[in-house]
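Working notes for the structure below.
The values are calculated or read from the model by the stated rules, or taken from the named source; none is laboratory data. These numbers come from a predicted model, not from an experiment. Neighbour counts are summed over all protein chains in view; Cβ atoms, including those assigned to glycine, are modelled from backbone coordinates with ideal geometry. Surface accessibility is based on the protein's heavy atoms, side chains included, excluding ligands, DNA and RNA. Shrake-Rupley method; radii C 1.70, N 1.55, O 1.52, S 1.80 Å.
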Amino acid sequence: MDMFLYLDNDTFLHRLDPRTKMLVMLASFVVALMFYSLPTLLGLTLVIVLYGMAGKTLGNLKRIRFILLMIALFSVVLWSLTYGGPTKILGPISTEGILYGIVIGMKFDIMIISGMIFLSSTKVEEISLGLVKLRLPYRGAFAFATAIRMVPMIVATSFTIAQAQKSRGLDLDSGNLLERAKKYVPLLIPTIISVIRGTNVFAMALESKGFGYSEDRTNYLQISIKKGDYAILFLALIVITVSTYFKFVVI
Amino acid sequence: MKEVFSMWKDTKMVVLVALSAGIYAAVLIPFKGFVLIPGITEFRPASALPVVLGLLFGPAGAWGAAIGNLIGDFFGSLGIGSSFGFVGNFLFAYVPYKLWRNLGMVNKDDMEPNLKSSKQIIAYVVVAILGSAACGLFIGWGLELLGMVPFAALASIITLNNSIPSIILGIPLLIVLYPRIKKWDLLWTDILPEEDVPAITAKTRTGAIAMTLLVLVGLIGGLAAAVGGGQALLYSGFASTAGNQMVVIIAGIGSIGVLIAGWMQ
Amino acid sequence: MSENIIELKNLSFRYKDQKEGKALSDVNLTIDKGEFVLVMGPSGAGKSTMAKCLNGLVPRFNRGEYEGETIVNGNIAKDTNVSTMAKEIGLVFQDFESQLFSTNTKLEIAFGPENFQVPRDEIHKRILEMFELVDLKGMENRQPSTLSGGEKQRLAIGSVLSTYPKIVCMDEPTTDLDPLGKIGIFNIASKLHADEDFTLIIIEHETEESLNADRLILMQEGKILRDGKPRDVLREIEVMDNLGIMSLQIPKYFKEKFGVEKADLPLTPEEGVEQFTALGCAFDEQQYKQLLDADAKREESYGEELIHVEGLEHVYSNGNKALNGMDFSVRDGEFVAILGHNGSGKTTMVKHFNGLLTPTAGKVTVKGFDTTSTSIFEIGKHVGYVFQNPDHQIFSDTVYEEIAFSPKIRGCSEEEIDIRVKEALASVGMSGFEEEDPFSMTKGQRQRIAVASVLSARPEVIILDEPTTGLDYKEQKQMMDLVKKLNQQGHTIIMITHTMWVVSEYAHKVAVIKDGKMMMYGKTRDVFSKDEELAKSFLKTPHIVNMSNRLGQTILSVDELKRCTKEG
């Protein structure tokens, strides 16, 4: 299983400063949360998709299409069954319910797509450096970046462990819910133990390379706000301002 | 609360944050696709971890649960809800380790979570449920506040979803993990210098009692207000829209109150 | 004029929870600038503790009672921060996975200098230099997780060297590596040694590689037992045998067979051949024929075919073709060793033997059952698989529960489970350990528990993946004697390994895999007679085999050669 979300391309989007991309992501969240009108949300979706296309990142959406689809479907089914509303179509299902379900589903999907575009165009190191430049302490950013890096390794370990236990006769797919739950014990324990076992060496190796020598450190990787960033930042701020104006003043 | 920030000075604790987060995320991700579907969502094995990580690694476990959940969100649900998920999962590990020490359910001379006595097992079940509830309360409140998901449905589902694995899987997990972690000197109380492990005082005791009450009042009160306002529990709770002011106020008092009570300990 | 760069004065250390004795007791040692020092000893001798004293990890990180002094380039280690000591001395650990922190090889090298606030341009210069030094050119911008074990360890070394320490200490850097990976590390060591100002300390198990060092130190129970030129120390066969580390085979043979004086003992196969001829010795053809006859007789004694492989191909879901048309067959009672460097496809191959993987093309049958249509659960009754790392399968808090897992899951009765657990424990020589906690045991013991937990399903075939990796010589021997006993009791053994002396002394047959193809296959003696062909797969026969090959016959152990020598 490929666990890395970053797509290594050299595009306008990839060259943007991680802080700019974070703000764009945030702006899309804010706008998605503010409006319940279908045309507005459709417009926002279009903008975000274009933004993602600029970075050739939309390929990654294929990987989560199942989740996106489930969220949309679940949302429509749930709300059309339970929303109520005057224009009944069949039983409890109403036009308003279906529309409301679509709107809520879209809000979730927009945020997820926007998040995925950010992660597909930004390296883990850039995210962590961006956070440091935004005044997050280095050690926190380090732990965050390390955790992301560890995930695929831990998943690989757990696959090996699953194979080892299967060879001994463990069958994860049978039994009732409680029995199945208990079957995760032979997988979880060796996984946790073999990961945690490395803690001491990990910490020793870190200090042996000068981790914590000084509060300040050089950053080999460089990020900076350039012309393109200013343009995008400006656009994002305008979008937020205009949205807020329409949301709270006009309506 | 002090140790939550001072622990970052210690390299081992930093590493434990990263590893806890990595493990939590790695177990969360394979189940990502199933989270929202009724009928399959009842079981999320990863939810067994935050309580166990909190009791073993203290503040490092709490940060680990918070960051791990955020990374899990990267794989298909990163959105504004992730910020509430961050705090909620922090509390999922933080509340248990604080209450374990400060609620007075465990003997002072047998504080380490070995689950060898029935007294400890009972204490584990209590703090696991309260931790699960604190997480459900905070996330439920947050999304109600944003008008995204009704409180009664979300808070009750998360609380149950968290409690069941933390108890069924968490107990056997902790029983086997504790002796190894102890042997490798990785219990948080063994790693941090003595002055950084908060002493148990009248003030922390008060904080723990306040925390327990606030979790219960926030969750039960919020659910009652929500049901009174027309929401229903669990999945039928999606029948109504979010944004009930009474619910936002009561659950909000609970959520913010838990954070303040956490500060006291 | 040489100058001290490291000085240990009456150094003693006892870990906080250490029950008896001391990890180091009263060690005195000075190391000169520019020296290349090798440290050897069985596990528990205090080697790693000594390494950790050098940069202050002991006592600042591992707490305990510390006496005496460690001075490194003028700094008193115990009074200095570990991260400050890192400027003087770099430490490389055995576990390469735990010492890489970045998602990019360049940033990995930059990590240390970044911490020391080295200017960016200078870091860039050092990155280029390090990629050259540790032979990773062309790997810039790779994810460390996509590198092989050997490359990861070289990257770890580069990331330590980039802070420009004056001393580097490597703690068993090659233990987890395949033969190719080991060669890479030894190459770096000799490059570093060429720099006269650079001090290098390596803790190693590989006796055969130790001749290149300036100095060899043997440790035992926290004390220094021998300290001298490698050529002198390596001739002390008895000392090494008693210590439980592997003595060199060539001097051992000459000492035991002819009682050659210590000073005159040859060390390498070349020197051995010279002395053998000088002594006027020859092969005893009759004895040698007996060896060959015994081999042939064993070959005839095998029973029915248990595993049959035909045209096996395997393509992973990411498109990697790991196996490229393989034919293979294992008969009842065989003891087969599978050799080949990491990534050659050997693990992929054996995972087909118990149904963990199914063929993309071709066919695998186990006892006549096609693995594509039979469940792992069924095949598991006949084929047991012991994974490389025992910690990947142990999860219970008592030995009994761990071993009972397999029979329990297969629905055996309580009495039956009890019988099987006892039987399995007896087989691995660990009766009486039922109620012990498997996690508190040594790696060698945990490895045995893993074997027992597979034996309890009573499989006819046992697959072992690198059963001796990470064990010291004594533990390796114990493990292999156990495997040999299981084979004699009727189990068929298929074993993946990198340890060549283990193969030559224990395996009946050898298969060499490279790039998903079977390069060589046959009786151990036949395969090991082809030194040059083995070298193409980066494999080197043990010294004694190499010497006998040079003399025209293939001998597999010191004892065999002693028997087949006709004195002149």
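Of the residues that make up the range C:33-48, is at least one open to solvent by 10 Å² or more (accessible area, probe 1.4 Å), within 28 Å of the chain's Cα centre (by Cα) and of a type in the set (S, T, Y)? Checked against the condition, which is being open to solvent by 10 Å² or more (accessible area, probe 1.4 Å), within 28 Å of the chain's Cα centre (by Cα) and of a type in the set (S, T, Y), the range C:33-48 yields at least one hit. Against the criterion of being of a type in the set (V, I, T), closer than 30 Å to A:F159 by Cα and crowded, with 19+ Cβ neighbours inside 10 Å, A:T57 qualifies. Annotation: A:T87 fulfils all but one of (1) without any contact (Cβ under 8 Å) to a residue 60 or more places away in the chain; (2) within 11 Å of another protein chain (Cβ to nearest Cβ); the unmet one is (2). Checking each residue in the range C:129-186 for being β-branched (V, I, T), away from chain A (no Cβ under 14 Å) and not in a loop (DSSP other than H, G, I, E, B) picks out C:I183, C:I185. Summed over the range C:331-347, residues that are in contact with a Phe, Trp or Tyr (Cβ under 8 Å, 6 or more places away or on another chain) and either under 26 Å from C:D178 (Cβ atoms) or in a loop (DSSP other than H, G, I, E, B) (or both) total 6. Number of residues in the range C:521-539 that are within 16 Å of C:V330 (Cβ to Cβ) and more than 22 Å from the chain's Cα centre (by Cα): the value is 3. Check the range A:123-138 and report whether any residue there is assigned to a loop (DSSP other than H, G, I, E, B) and farther than 26 Å from A:L5 by Cβ. So far as the range A:123-138 goes, no, none of its residues is assigned to a loop (DSSP other than H, G, I, E, B) and farther than 26 Å from A:L5 by Cβ. Highlighted here are the helices (runs of 4 or more DSSP H) found entirely within the range B:144-194 that include at least 3 residues which are open to solvent by less than 10 Å² (accessible area, probe 1.4 Å) and at the interface with another protein chain (Cβ under 10 Å from one of its Cβ atoms): B:170-183. The selection criterion, being under 22 Å from the mean Cα position of the chain (by Cα) and either open to solvent by 10 Å² or more (accessible area, probe 1.4 Å) or without any contact (Cβ under 8 Å) to a residue 40 or more places away in the chain (or both), holds for B:T212. Listed by position, the helices (runs of 4 or more DSSP H) contained in the range A:140-242 that have at least 3 residues being within 14 Å of chain B (Cβ to nearest Cβ), open to solvent by less than 30 Å² (accessible area, probe 1.4 Å) and touching a strand residue (DSSP E or B) at 6+ places or on another chain (Cβ under 8 Å) are A:199-208.
Every residue, every condition in (1) farther than 20 Å from C:T347 by Cα; (2) open to solvent by 60 Å² or more (accessible area, probe 1.4 Å); (3) without any contact (Cβ under 8 Å) to a residue 24 or more places away in the chain; (4) not acidic (D, E), yes or no:
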residue: C:K477; (1), (2), (3), (4): yes, yes, yes, yes
residue: C:N487; (1), (2), (3), (4): yes, no, no, yes
residue: C:G490; (1), (2), (3), (4): yes, no, no, yes
residue: C:I494; (1), (2), (3), (4): no, no, no, yes
residue: C:D531; (1), (2), (3), (4): yes, no, yes, no
residue: C:P542; (1), (2), (3), (4): yes, no, no, yes
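Taken over the range C:200-220, the residue count meeting the criterion of being under 25 Å from C:I5 (Cα atoms) and among the acidic types (D, E) is 3. Please work out if A:V49 is facing chain B (nearest Cβ under 10 Å), part of a helix (DSSP H, G or I), in contact (Cβ under 8 Å) with a residue 12 or more places away in the chain and β-branched (V, I, T). In short, no.
Taking the listed residues C:L57, C:L100, C:L24, the one that is more than 9 Å from every other protein chain (Cβ to nearest Cβ), touching a helix residue (DSSP H, G or I) at 6+ places or on another chain (Cβ under 7 Å) and crowded, with 18+ Cβ neighbours inside 10 Å is C:L24, with no other qualifying.
Take the conditions in a helix (DSSP H, G or I), over 30 Å from C:R458 (Cα atoms) and in contact with a Phe, Trp or Tyr (Cβ under 7 Å, 6 or more places away or on another chain) and apply them to A:I113. Does it pass? So A:I113 fails the test. Give the residue that is nearest to the other protein chains (Cβ to nearest Cβ), with candidates limited to residues of the range C:292-318 that are over 25 Å from C:G380 (Cα atoms) and open to solvent by less than 80 Å² (accessible area, probe 1.4 Å). Ranking the candidates gives C:E299 first.
Residue check: C:R142 meets all listed conditions (1) under 22 Å from A:E207 (Cα atoms); (2) open to solvent by 50 Å² or more (accessible area, probe 1.4 Å) but one, namely (1). Is there a residue being surrounded by fewer than 18 Cβ atoms within 10 Å (Cβ to Cβ), at the interface with chain A (Cβ under 9 Å from one of its Cβ atoms) and farther than 29 Å from C:Q476 by Cβ anywhere in the range C:362-375? Yes, that holds for at least one residue.
Taken as a whole, the condition of being more than 25 Å from A:G212 (Cβ to Cβ) and assigned by TED's automatic domain parsing to the domain that holds C:L234 does not apply to C:N75.
Scanning the range C:393-416 for residues that are in a loop (DSSP other than H, G, I, E, B) and either open to solvent by 30 Å² or more (accessible area, probe 1.4 Å) or aromatic (F, W, Y) (or both) yields C:F395, C:D397, C:R410, C:G411, C:C412, C:S413. For the range A:1-29, residues that are surrounded by 16 or more Cβ atoms within 10 Å (Cβ to Cβ), among the aliphatic types (A, V, I, L, M) and part of a helix (DSSP H, G or I) total 6. Scan the range C:207-239 for residues that are open to solvent by less than 30 Å² (accessible area, probe 1.4 Å) and assigned to a loop (DSSP other than H, G, I, E, B) and the total you get is 3. Restricted to the range C:474-568, the set of helices (runs of 4 or more DSSP H) holding at least 2 residues that are among the acidic types (D, E) comprises C:531-536, C:558-564. Please work out if A:L99 is in contact with a Leu (Cβ under 8 Å, 6 or more places away or on another chain), closer than 23 Å to B:L143 by Cβ, within 11 Å of chain B (Cβ to nearest Cβ) and surrounded by fewer than 20 Cβ atoms within 10 Å (Cβ to Cβ). The answer is no for A:L99. Among the residues of the range C:545-564, are any within 21 Å of C:N342 (Cα to Cα), open to solvent by 20 Å² or more (accessible area, probe 1.4 Å) and under 22 Å from the mean Cα position of the chain (by Cα)? No, the conditions are met nowhere in the range C:545-564. Only one of the numbered conditions (1) of a type outside the set (A, V, I, L, M, F, W, C); (2) at the interface with another protein chain (Cβ under 7 Å from one of its Cβ atoms); (3) farther than 30 Å from A:A32 by Cβ is violated by A:E125, and that is (3).
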